[in-house]
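Written out below as structure tokens is the structure these notes cover.
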Amino acid sequence: QVQLVESGGGLVQPGGSLRLSCAASGSFLSTYDMGWYRQDPGVQRELVAHIGKDGSIEYANSVKGRFTISRDNTKNTVYLQMNSLRAEDTAVYYCNARKTLRIGATANYWGQGTQVTVSS
């Protein structure tokens, strides 16, 4: 069992920055693939950024060059640095931890989400 707690969300003006944190307990994240997702009301949840247990990184096209995902396995924490924020970045942001098990099964955990609102 993995517990994930996001923090760092809030209200920011367009062009501003926020740093989201995802702190894990119950297990060590070094063996998990980690991701940040976001969801607007009535809209399907989408992947924002992903960092694999091997350090590989992928971003959604809409955030490339603006967001940076990183992980600190010593602190058991994953971060999302968000720069040059736009109104369309407004959403609830969720942290995800995933591990592939045997026979293709996966363990999948989600945080409670943190609200990011970009508005002038």
Other residues with Cβ under 13 Å from the Cβ of Asn108 give, with Lys and Arg +1 and Asp and Glu -1, a net charge of +2
In whole Hz, the Karplus estimates of ³J(HN,Hα) for segment 103-120 (6.51, -1.76, 1.60; θ = phi - 60°; x where Gly or Pro) are 6, x, 6, 9, 9, 9, 10, 10, x, 7, x, 9, 7, 10, 10, 10, 7, 8
In Å², rounded to a whole number, the accessible area per residue of the chain with probe 1.4 Å is 54 Å²
Under the Karplus relation with 6.51, -1.76 and 1.60 and θ = phi - 60°, whole-Hz ³J(HN,Hα) for segment 57-65, x at Gly and Pro, equal 10, 9, 10, 5, 4, 5, 10, 4, x
So, relative contact order of segment 1-71 in percent, Cα under 8 Å, 6 or more apart, is 21 percent
GNM on the chain, Cα springs under 10 Å; top mean-square fluctuation among Arg86, Arg102, Arg71 goes to Arg102
The long-range amide H neighbours of Thr77, using H built 1.01 Å from N in the peptide plane and a cut-off of under 5 Å, are Asp72
Rounded to a whole %, the carbon-and-sulfur portion of the accessible area of the chain at a 1.4 Å probe is 48 percent
Phi angles of segment 24-35, converted by Karplus (6.51 cos²θ - 1.76 cosθ + 1.60, θ = phi - 60°) into ³J(HN,Hα) in whole Hz with x for Gly and Pro, give 10, 9, x, 6, 8, 7, 4, 9, 10, 7, 10, x
Taking a label point 7 Å from the Cα of Ser119 along Cα-to-Cβ, the residues of segment 48-91 whose backbone nitrogen sits under 13 Å from it are 87-88, 90-91
Here the residues of segment 15-40 lying in the modelled label zone of Lys99, meaning backbone nitrogen under 18 Å from a point 7 Å along Cα-to-Cβ, are 23-35
Distance in Å, no decimals, from the C-alpha centre of segment 58-120 to the one of segment 1-26 is 8 Å
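The values are calculated or read from the model by the stated rules, or taken from the named source; none is laboratory data. Please read these numbers as outputs of a predicted model, since none were measured by experiment. Methodologically, a virtual Cβ is constructed for each residue, glycine included, from the backbone with ideal geometry; neighbour enumeration extends over all protein chains shown. SASA here: full protein model, heavy atoms, side chains in, ligands and nucleic acids out. Shrake-Rupley method; radii C 1.70, N 1.55, O 1.52, S 1.80 Å.
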